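*Asks:* First the structure, then my questions, so here it is.
The values are calculated or read from the model by the stated rules, or taken from the named source; none is laboratory data. Fair warning: this is a prediction, and the values are worked out from it, not measured in the lab. Here the Cβ is made from the backbone with ideal geometry for all residues, glycine too, and neighbour counts use every protein chain on show.
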Amino acid sequence: METEPKENVIINLTFEFALKIIDLCDELDGLKKFALSNQLFKSGTSIGANAREAQNAESKADFIHKFKISAKEVEETEYWLLLCKYSKKLPDTTQLLSELEPIKKIINKIIGTSKRN
């Protein structure tokens, strides 16, 4: 009897978040905010890419390192989203910021737990 693979919450959350970032970047491109769109696209999609890369880490140190990169990308993404939120001429990103918060917490928890074990 086969069992289903265990769901990986952080991989799923970051993938769904990246899809929403892509949509926001399309909207920013429509407003001709290409520089902001490019920065946000890179950092917002890199969160999940690094988390996914960590799944095949060569060592525990490599695993932690990949998630630390993810954590840095979370911070950068949050910065760009806050710029959008507080600018009068850019889309409101309140919802994306609220979706980023649990991702941030989970990544920090993964790093902390991995360091202790």
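*Asks:* Go through the range 46-72 and give me each residue that's of a type in the set (A, V, I, L, M, F, W, C) and either within 12 Å of residue 114 (Cβ to Cβ) or within 9 Å of the chain's Cα centre (by Cα) (or both).
*Replies:* 47, 49, 51, 54, 57, 61, 63, 64, 67, 71
*Asks:* In the range 40-90, which residues are free of Cβ contacts under 8 Å to residues at least 12 places away in the same chain and in contact with a Phe, Trp or Tyr (Cβ under 7 Å, 6 or more places away or on another chain)?
*Replies:* 57
*Asks:* From the list 95, 55, pick out the single residue that is surrounded by fewer than 17 Cβ atoms within 10 Å (Cβ to Cβ), modelled with pLDDT of 95 or more and in contact with a helix residue (DSSP H, G or I) (Cβ under 8 Å, 6 or more places away or on another chain).
*Replies:* It is 55.
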